[in-house]
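First the structure, in the form of structure tokens, and then the observations on it.
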Amino acid sequence: MTLGLAFGLGAALGSALALNWGYWAQHGAAAALPPLSLRSPLRSLRLLFTHRGWAIGFAVGIGGWALYIAALRVAPLSLVQSVSAGGIGVLALLAWQLGGTRPARRELIALGLALFGLVALALSLAWSSPQSQHGSLRAVLIWVGGSIVVATAIVSTGTRFVRAGAVFGIAAGVLYAAGDVATKAAVGGGARLALVATLFVCHGLAFVALQLGFQRGAVLATAGLASLFTNAVPIAAGLVLFGEGLPAGWPGIARAIAFAAVVVGGAGLARGETPSIAVDRAPAAVIPA
């Protein structure tokens, strides 16, 4: 392992810790605020940014995003995502230990499946040697556009299958993943720097979806699902867009099993969402307004 790769993986780990702590703090603050609305965007933003706990969580999350960009600069997308994916375990511990909630058996099983999938994915990546490229600009734009269409469809129709908090969490994860794909392409420089505007659009839309989700669902069913999709989808993009080929033999089989476990675990977290968000308001008391 080169020094640059070691730095990238360390930055990815720090990013996962910062982002998921930030999600936890923002969820607790947003859940305690008056209803946020797209019809009153300035009022909604003012409510968020003037809440001390939410603002601290947001600032820590921005720091995590900066570490993520640094990691992408020196390490392949799939490796960065496999390390970052462990953040969902951090989020679960925060929700259950500091948030004062007691996990249901179904939630534990779903989380266990998701974590198993992410660990298996990391092992499959550790035994391969991905050579990351920066992808075709046209292909990346098609991927990002498709992601926005998918996220819109999820928000429009998803409540037929799962609760609103999970719907917004999944949509946010798809959009954040699209932004991460654009980020990986943009760090290649040249004409791909035009993707900087695209990644800000994706992250802005994801931010809106996640904050709306925070007021409609529990932390694992919103930020947890967002984190899960943010990490899993770019790994697929690494294979499709960035030349990070599927390894032969058991690492390739492990990766296929990993994706299946992540999907099943994510579905379990979405369907196991707690109807009431009142139980998850404890973080707001940990960081006063």
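Evaluation of ALA11 against the conditions (1) more than 14 Å from the chain's Cα centre (by Cα); (2) surrounded by fewer than 23 Cβ atoms within 10 Å (Cβ to Cβ) shows that the sole unmet condition is (2). Counting the residues of the range 145-172 that are assigned to a loop (DSSP other than H, G, I, E, B) and not aromatic (Phe, Trp, Tyr) gives 2.
For the range 211-220, the criterion of being part of a helix (DSSP H, G or I), within 17 Å of the chain's Cα centre (by Cα), within 24 Å of GLY117 (Cβ to Cβ) and at pLDDT 95 or above is met by no residue. In the set ILE148, ILE170, ILE142, only one residue is at pLDDT 90 or above and more than 16 Å from the chain's Cα centre (by Cα); that residue is ILE142. For the range 18-49, taking the residues that are without any contact (Cβ under 8 Å) to a residue 60 or more places away in the chain and out of contact with any helix residue (DSSP H, G or I) (no Cβ under 7 Å at 6 or more places or on another chain), the one that is surrounded by the most Cβ atoms within 10 Å (Cβ to Cβ) is identified as LEU47. Considering the range 21-79, the residues that are modelled with pLDDT of 90 or more and not in a helix (DSSP H, G or I) include one that is farthest from ALA185 (Cα to Cα), namely PRO34.
So that you can scan it fast, the table gives a plain yes or no per residue for (1) under 19 Å from ALA104 (Cα atoms); (2) at pLDDT 60 or above:
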site	(1), (2)
ALA226	no, yes
ILE235	no, yes
ALA267	yes, yes
ARG271	yes, yes
ALA278	yes, no
ALA282	yes, no
ALA285	no, no
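In summary, LEU118 fulfils each of the numbered conditions (1) modelled with pLDDT of 80 or more; (2) crowded, with 24+ Cβ neighbours inside 10 Å with the single exception of condition (1).
Taken over the range 86-113, residues that are over 13 Å from VAL219 (Cα atoms), surrounded by 14 or more Cβ atoms within 10 Å (Cβ to Cβ) and at pLDDT below 75 amount to 1. Within the range 173-185, is even one residue buried (at least 21 other Cβ atoms within 10 Å of the Cβ), assigned to a helix (DSSP H, G or I) and polar (S, T, N, Q)? There is at least one residue in the range 173-185 that is buried (at least 21 other Cβ atoms within 10 Å of the Cβ), assigned to a helix (DSSP H, G or I) and polar (S, T, N, Q).
Condition test on LEU108, is it out of contact with any His (no Cβ under 9 Å at 6 or more places or on another chain) and not in a helix (DSSP H, G or I)?
no
The values are calculated or read from the model by the stated rules, or taken from the named source; none is laboratory data. Everything numeric in this text was worked out from a predicted model, so none of it was measured. In this analysis, Cβ positions are derived from the backbone assuming ideal geometry, glycine residues included, and neighbour counts consider all displayed protein chains.
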